[in-house]
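Comments concern the structure below.
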Amino acid sequence: MTDPVLYEQEGHVALITLNQPEVRNAISDHEVIDALVAAIERLDADLEIRAAILTGAGTAFSSGGNIKKMNDGGGLADRLPAQTRRHYKSGIQRIPLAFDKLEVPIIAAVNGPAIGAGCDLACMCDIRIAATSARFAESFVKLGIIPGDGGAWLLPRVVGFSKASEMAFTGDAIDAQEALACGLVSKVVPDAELLPAARALAARIAANPPHALRMTKRLLREGRHSSLASLLEFSAGLQALAHATADHKEAIAAFLGKRAPNFTGE
């Protein structure tokens, strides 16, 4: 049995790959949820990692829920509604919570359809790059259900309330160019260039001091729900930590010496 999620590292960059192309990288099964959460926790704990990429094996990024299992009476649903609630809390809802704790910048390299929870998974990442073949759909309503994985919180923060409402109320798919126009992705590239483009961006991110990267990401995340006064207070505390790092001193010395810096994470 193949691993449902692959984890690879090259230098300071990690590549996480959803690895069940036979079910279009559905993420509602417990073994996939466990493996993905474990990969994100591993990523966060490794201070050698400065940037990460998330993608899917095969021709899909992620189809979201496993519809065949829904039809067969499996998946997250149970005949008892209270038990279904527990399944969501102990299952797929662990994924957005793990991503919310993650301090490593992560890029979604969307290599094909990102449907339902797959669309929301892309929104959990900090940056999204799409292949030309990518498609996005907040399609829960088409199945008579709602975004149970945090999509109602995630999507409006990425594309704005109006576009998120349009996507969630219609369930219709949008192509890569429309995703670019509404800010769901920041770049569209030919399919063959997707991973090279994601790796190049990850390398540009990873060239920076790791502590400053992690603290900058935390500030951006906090800024989505904090008041200005609260964020400024938090910023002052993190800035005090940043000023005390050896990497800050190295950055200043490299700038003044007109040379490339050598950041060590100290």
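One line per residue, one yes/no per condition, for (1) at pLDDT 85 or above; (2) touching a Gly at 6+ places or on another chain (Cβ under 7 Å); (3) assigned to a helix (DSSP H, G or I):
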site	(1), (2), (3)
60	yes, yes, no
70	no, no, yes
83	no, no, yes
97	yes, no, yes
103	yes, no, no
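Could you give every pair whose Cβ atoms fall below 9 Å, whose first residue belongs to the stretch 168-187 and is at positive phi, and whose second residue is β-branched (Val, Ile, Thr) and open to solvent by 60 Å² or more (accessible area, probe 1.4 Å), counting only separations of at least 6 or pairs across chains?
Final answer for the pair search is 171/141.
Starting from the stretch 233-250, keep only residues that are in a loop (DSSP other than H, G, I, E, B), then list their pairs with residues that are modelled with pLDDT under 95 and among the acidic types (Asp, Glu) whose Cβ atoms are within a distance under 9 Å, requiring at least 6 positions of separation or different chains.
245/266
Within the stretch 130-147, track down each residue that is over 19 Å from residue 163 (Cα atoms) and in contact with a helix residue (DSSP H, G or I) (Cβ under 8 Å, 6 or more places away or on another chain).
If the condition is that a residue be over 19 Å from residue 163 (Cα atoms) and in contact with a helix residue (DSSP H, G or I) (Cβ under 8 Å, 6 or more places away or on another chain), then 131, 132, 133, 143 are the ones that fit.
Is it the case, given these coordinates, that residue 23 is out of contact with any Gly (no Cβ under 8 Å at 6 or more places or on another chain), modelled with pLDDT of 95 or more, open to solvent by 10 Å² or more (accessible area, probe 1.4 Å) and farther than 21 Å from residue 154 by Cβ? Quick ask: steps written out before the conclusion?
Details: out of contact with any Gly (no Cβ under 8 Å at 6 or more places or on another chain): yes; modelled with pLDDT of 95 or more: no; open to solvent by 10 Å² or more (accessible area, probe 1.4 Å): yes; farther than 21 Å from residue 154 by Cβ: yes.
No: the conditions fail for residue 23.
Among what's in the stretch 185-225 and is out of contact with any strand residue (DSSP E or B) (no Cβ under 6 Å at 6 or more places or on another chain), open to solvent by 70 Å² or more (accessible area, probe 1.4 Å) and among the charged types (D, E, K, R), pick the residue that is nearest to residue 131 (Cα to Cα).
The qualifying residue nearest to residue 131 (Cα to Cα) is 193.
Here's the yes/no breakdown for (1) under 26 Å from residue 197 (Cβ atoms); (2) among the small types (Gly, Ala, Ser); (3) in contact with a Phe, Trp or Tyr (Cβ under 6 Å, 6 or more places away or on another chain):
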| site | (1), (2), (3) |
| --- | --- |
| 2 | no, no, no |
| 7 | yes, no, no |
| 10 | yes, no, no |
| 28 | no, yes, no |
| 31 | no, no, no |
| 34 | no, no, no |
| 38 | no, yes, no |
| 44 | yes, no, no |
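Return the residues of the stretch 146-159 that are loosely packed, with under 14 Cβ neighbours inside 10 Å and not in a helix (DSSP H, G or I); say none if nothing qualifies. Write out each step before concluding.
Taking the stretch 146-159 as the starting set, the residues that turn out to be loosely packed, with under 14 Cβ neighbours inside 10 Å are 146, 157.
Across the stretch 146-159, the qualifying residue is only 146.
How many residues does the stretch 251-266 hold that are farther than 17 Å from residue 207 by Cβ and in contact (Cβ under 8 Å) with a residue 12 or more places away in the chain?
Number satisfying all stated conditions: 0.
The values are calculated or read from the model by the stated rules, or taken from the named source; none is laboratory data. These figures come from a predicted structure and were not determined experimentally. Here the Cβ is made from the backbone with ideal geometry for all residues, glycine too, and neighbour counts use every protein chain on show. To get the accessible areas, we keep the full protein, side chains included, count just its heavy atoms, and leave off ligands, DNA and RNA. Shrake-Rupley method; radii C 1.70, N 1.55, O 1.52, S 1.80 Å.
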